[in-house]
Each structure stands twice: as C-alpha cells, then as structure tokens.
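The values are calculated or read from the model by the stated rules, or taken from the named source; none is laboratory data. Everything numeric here is computed off the predicted structure, so don't read it as measured data. Here the Cβ positions follow ideal geometry from the backbone for every residue, glycine too, while neighbour counts run over all protein chains shown.
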Amino acid sequence: MPVDVTLGDSPLILAIPHAGTDLVDSLRNRLNGSGQALKDTDWHVDRLYRDLVADTTTVRARVHRYASDANRDPSGASLYPGQNTTGLIPMTDFDGKEIWNLPPTTREQSTWCAAFHTPYHAALAAQIARVRAQHGFAILYDCHSIRSEIPHLFDGTLPDLNIGTFMGASCDPQLADHVATLCRNTPGYSTVVNGRFKGGWTTRHYGRPATGVHALQMELAQSTYLTEEAEPWLYNPDKAAPLRALLRDILTYLQSWRPA
C-alpha cells in the first residue's frame with residue numbers, strides 16, 4: 001500500500017503527505033537529475049512529529065510527491081491562482097526547474113493519481129469518519145515543511161511557523177488562535193497565520209467546522225530542524241529539540257480541545 005496508517009483513540013489526526021520518498025524504478029528513471037534529487041521532500045517531518053503525544057492517528061503517504069502530490073486538488077485546479085506553485089503531477093520543482101526526462105502523458109497522470117493520490121485520501125477520509133463517529137468531531141493537523149528561501153515561490157525568508165486555516169474557514173477560530181498564541185509565545189521562532197501558505201487541498205477539502213471536522217496546516221521552515229537546507233538533508237536533533245517541545249504543546253492542546 002502507498003499509505004501507512006497508525007490508529008489512535010483521540011480526536012487528533014496527523015496527515016503527512018510529503019515525507020515519503022518511495023518511487024518505483026520505472027518512474028524514478030524517467031526523472032532528470034533535478035527530479036531524482038527529490039529536494040522538494042518534506043524531509044524528516046515524520047521523525048519530527050514521532051512520539052510527541054500518545055493516541056494520535058497518523059496517515060502518511062509513502063510515495064514521493066513527484067508521482068502524485070497528495071496535497072493538491074485532484075481536478076488539477078491551482079490552490080494559489082496567479083502565483084507560482086506546483087501541480088498534482090509536478091512538471092517542475094519548487095525552483096521552477098524541469099524534473100522529467102520523459103514527462104508522464106495525460107493518461108499516465110490519471111493512472112498515477114488513482115494509484116497514489118486516491119488511496120491516501122481514502123485512508124484519510126476513513127480515519128476522519130472513524131474519529132468523528134467516536135468523538136463527535138475530529139481535528140486534522142496537516143504536517144509540512146519547506147526550505148525557508150525559494151525565490152520562485154515567495155520573496156525573502158519564510159517565517160519559521162506558517163499556520164494555514166484557509167482564511168479561518170477550515171477550523172474553529174478559538175482553536176487556531178490558541179495554536180498561534182503558543183507559537184508566538186515561544187522564543188526563537190517567527191510565526192504567521194494565513195501568509196504565503198493558507199492551507200493546501202487537504203485543509204480546504206476536509207476542514208468543515210459546521211460538520212465537526214476542524215483542519216489546519218502547519219508549514220515549518222526546514223531551517224528550524226535541519227543541519228542545512230541542502231543535501232544530504234540531515235536531521236539535527238539539537239535544533240529539533242525546542243521545536244519538538246513546541247509541537248508537543250500544540251498537539252497536546254489539540255487533543256484536549258473540545259467544541260463549545
């Protein structure tokens with residue numbers, strides 16, 4: 001299966017769509033040198049969140065986003081019209097460089113979406129339904145990271161902690177405000193809410209507070225926990241430790257939160 005699922009009994013679900021690096025050889029060999037570097041991976045995000053709190057459900061895509069981006073609209077519609085971004089089956093990397101020697105055909109793109117995007121969201125939807133049936137509501141926390149400087153996508157240096165709630169539409173405002181307060185009150189990190197990253201398709205698609213599903217995205221600057229934002233993309237435990245402490249506080253709060 002292209003998806004790993006770990007079951008928990010709390011209302012909290014962690015979605016990890018971009019930490020996977022699996023690619024079958026026949027697909028990997030069609031990528032050029034830029035593509036095979038896989039540098040747009042959310043490096044070590046699964047490790048960063050591992051074992052922070054108990055009883056949390058986790059849904060993790062194993063397949064790399066170049067085969068099918070699990071956080072993009074399956075219709076192919078852009079999440080950020082008018083801005084540079086990558087699509088459901090990316091043709092370029094975040095720097096705007098082509099990644100394919102042999103790009104997938106339209107038919108292949110549909111096949112890859114069915115093979116990788118669809119199972120991931122089937123698993124995620126199933127866990128949301130299970131958790132909501134158990135608790136009456138569910139909280140979906142979408143885990144991401146990205147290089148802090150990518151001129152093709154955004155100007156300057158990205159804030160360390162980027163919270164996306166689709167401009168407040170995807171979760172209870174009290175929930176989002178408290179998460180933002182935890183971030184802003186932690187020394188050493190910069191924070192923005194609904195800045196360059198307002199929540200991807202996962203947050204926008206599932207976040208329906210009126211039906212009991214609250215979703216938010218956390219996009220972390222990789223400078224907060226990697227030794228360098230470059231190959232070999234080494235996880236730095238010393239840099240990650242204070243960030244993990246903050247993330248533990250966030251997840252603990254989310255597990256304890258209840259709708260009014």
Checklist entry - For the range 222-245, how many residues are of a type in the set (D, E, K, R) and touching a Lys or Arg at 6+ places or on another chain (Cβ under 7 Å)? => result 1
Next on the checklist: For the range 234-260: of the residues being of a type in the set (A, V, I, L, M, F, W, C) and crowded, with 16+ Cβ neighbours inside 10 Å, which is farthest from the chain's Cα centre (by Cα)?
Outcome noted: Trp257
Checklist entry - Applying the selection to the range 73-111, what residues are under 21 Å from Gln36 (Cα atoms) and charged (D, E, K, R)? => result Asp93, Asp95, Lys97, Glu98, Glu108
Item to check | Pairs where the first residue, in the range 220-235, is touching a residue at least 40 places away in the same chain (Cβ under 8 Å) and part of a helix (DSSP H, G or I) and the second is among the polar types (S, T, N, Q) and surrounded by 22 or more Cβ atoms within 10 Å (Cβ to Cβ), C-beta under 7 Å, 6+ apart | outcome: Gln222/Ser145
Next on the checklist: Considering only residues that are without any contact (Cβ under 8 Å) to a residue 12 or more places away in the chain and surrounded by fewer than 16 Cβ atoms within 10 Å (Cβ to Cβ), which ones fall in the range 81-103?
Outcome noted: Pro81, Gly82
Item to check | Flag if Ile163 is in contact with a strand residue (DSSP E or B) (Cβ under 9 Å, 6 or more places away or on another chain) and not acidic (Asp, Glu) | outcome: yes
Next on the checklist: When the residues of the range 124-164 are narrowed to those that are of a type in the set (Lys, Arg) and in a helix (DSSP H, G or I), which ends up surrounded by the fewest Cβ atoms within 10 Å (Cβ to Cβ)?
Outcome noted: Arg130
Next on the checklist: Restricting to the range 112-139, count the residues that are touching a Ser or Thr at 6+ places or on another chain (Cβ under 7 Å) and either at pLDDT below 95 or closer than 22 Å to Thr86 by Cβ (or both).
Outcome noted: 4
Checklist entry - Would you pick out the residues in the range 165-190 that are of a type in the set (Val, Ile, Thr), touching a residue at least 12 places away in the same chain (Cβ under 8 Å) and assigned to a helix (DSSP H, G or I)? => result Val179
